[in-house]
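Student: Below are the structure tokens for one structure; questions will follow.
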Amino acid sequence: MSKFLSYEDRMIIAQRLQENASFGAIGKELGKDRTTNHCQGD
């Protein structure tokens, strides 16, 4: 598991945040820890 997010991962995160998805749900979808998403979502 890479500790960096790809451009595609970032786009998915942005889309899911607009849909009010939780960081846990986004992390599960991407196969990443939810805290990775949180750091990218700021």
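Every number in this text was worked out from the coordinates using simple rules, so none of it is lab data. Values in this document were obtained by computation on a predicted structure and should not be read as measured data. Note that each Cβ is placed from the backbone with ideal geometry, even for glycine, and that neighbours are counted across all protein chains shown.
Student: Can you give the net charge of the other residues whose Cβ lies under 13 Å from the Cβ of D33, counting K and R as +1 and D and E as -1? Walk me through the numbers on the way to the answer.
Tutor: Details: positive: K3, K28, K32, R34; negative: D9, E29.
That sum, taken over residues with Cβ under 13 Å, equals +2.
Student: Considering only DSSP states other than H, G, I, E and B, which GluC sites (Glu not before Pro) in segment 1-37 qualify as loop sites with at most 16 other Cβ atoms within 10 Å? Don't skip to the answer; put the middle values down first.
Tutor: On the way: sites: E8, E19, E29; in loops: E19.
Answer in residue order: E19.
Student: Given 0.36 nm per residue, what is the gain on full extension from F4 to T35 after removing their alpha carbon distance, in nm?
Tutor: Values: separation 31, 0.36 × 31 = 11.16 nm, distance 1.22 nm.
Taking F4 through T35 to full extension adds about 9.9 nm, to one decimal.
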